[in-house]
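Laboratory data are not the source of any read-out in this text; all were calculated from the coordinates shown. A quick note: this is a predicted structure, and the numbers were derived from the prediction, not measured. Because the Cβ atoms are built from the backbone with ideal geometry, glycine has one as well, and the counts that use them run over all protein chains shown.
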Amino acid sequence: MSHNDRHAGEIRYRTLPGAEAVGYYLFRPRTARENAPLLVSVHGISRNAREHVRAFASEAEAHGVAILAPLFDKTNFRGFQRLWPSSPDGGLSAEGALRAMLDDARDRTGVSSARIHLFGHSGGAQFVHRFAMAHPGRVARYVVSAAGWYTMPDLARAYPYGMKPGRRTSGARFDIDAYLRIPACAYVGARDTIRDRALNTAPAIDSHQGASRLERAESWIAAMTTAARWRGLATPFALHVLPGSGHEFADMARAGLAEAAMRCLYD
């Protein structure tokens, strides 16, 4: 057994060298080989990173896939959903932290982090599609689950509502054509139609995307499909509604979310 296999089958918590505030959970299944593919699973505002790993563990064993689940704590990553802090004192860059975690996981275990598969739930779903937008060359496929709202493939609207660079993009520029080449699936619970306190109810989002997470997912999938087709791309973007499920990650996991997401990402 190599040093990379010492903790195979275990969920381990890691922190970055010299940055104790930046941590993540890592699971390398017993079935994983050297350069195993990597699934990154991003929590929402409940910050239940370890729960994500547990939910995907059996599927990861079946596919030989390692899991990395970042933990974006409230103190350092208040607005992690939008990738970059909204102000100079707004905390650390979540997208920069994830890139550092990917490098650390590669160095520690030999997993393949050059091109990753991404999953995110709720606020994590917001992070995931925006990370794919910012780093399309690093993302093979991604799944968003019950996002509260979306950045639309619209170059005329400023980020985070659209893809026009501005003060909230920290100098980043978006390649919309590369972004629209990445296949994606969206999952929403059939009962996720309640406008709860966690939902962004800004009038601009209501009018452009819909009043509920389900309506907003429908709007985003339609916008992504239209934008891709306009550029001559046949990239698949699919919406799946989980019967009987509400918004919570545990609720969706019981409805088969992990199995369904892995089919989208790897089959």
(request) Would you kindly derive the ³J(HN,Hα) couplings of segment 220-226 from the backbone phi angles with the Karplus curve 6.51 cos²θ - 1.76 cosθ + 1.60 (θ = phi - 60°), listing them in order in whole Hz, with x for Gly and Pro? (result) 5, 4, 5, 5, 5, 4, 5
(request) Could you work out how far apart the two model spin labels at Arg30 and Arg115 are, taking each label as a point 7 Å from the Cα in the direction of the beta carbon, and quote it in nm? (result) 3.1
(request) State the Cα centre-to-centre distance between segment 1-68 and segment 215-267 in whole Å. (result) 23
(message) Let's test this: bin the Cα-Cα distances of segment 87-224 at 5 Å from zero up to the farthest pair and state each bin's percent.
(response) 2, 9, 18, 22, 20, 15, 9, 3, 1, 0
(request) Give me the number: length gained by fully extending Ala222 to Ile194, i.e. 0.36 nm times residue separation minus the C-alpha to C-alpha distance, one decimal in nm. (result) 7.9 nm
(message) Per residue of segment 249-256, what does 6.51 cos²θ - 1.76 cosθ + 1.60 with θ = phi - 60° give for ³J(HN,Hα)? Whole Hz please, x for Gly and Pro, Karplus curve as stated.
(response) 4, 4, 4, 5, 5, 5, 8, x
(message) Rounded to the nearest 20 debye, what is the charge dipole size of segment 3-266 about its Cα centre when +1 sits on each Lys and Arg Cβ and -1 on each Asp and Glu Cβ?
(response) 340
(request) Choose one answer from His129, His208, His63: the residue with the largest mean-square fluctuation in a GNM of the chain with alpha-carbon springs under 10 Å. (result) His208
(request) Tell me the Kirkwood hydrodynamic radius of the chain in angstroms, computed as one over the mean inverse distance between distinct C-alpha pairs. (result) 18.5
(message) With unit charges on the beta carbons (Lys and Arg positive, Asp and Glu negative) and the dipole taken about the Cα centre of the chain, which residue among Ile11, Ala62, Ala147 sits farthest to the positive side?
(response) Ala147
(request) Write down the percent of antiparallel bridges among all DSSP beta bridges whose residues are both part of segment 3-266, to the nearest 5. (result) 30
(request) Would you mind calculating the gained length between Ile176 and Arg229 on full extension (0.36 nm times residue separation, minus the Cα-Cα distance), in nm to one decimal? (result) 17.8 nm
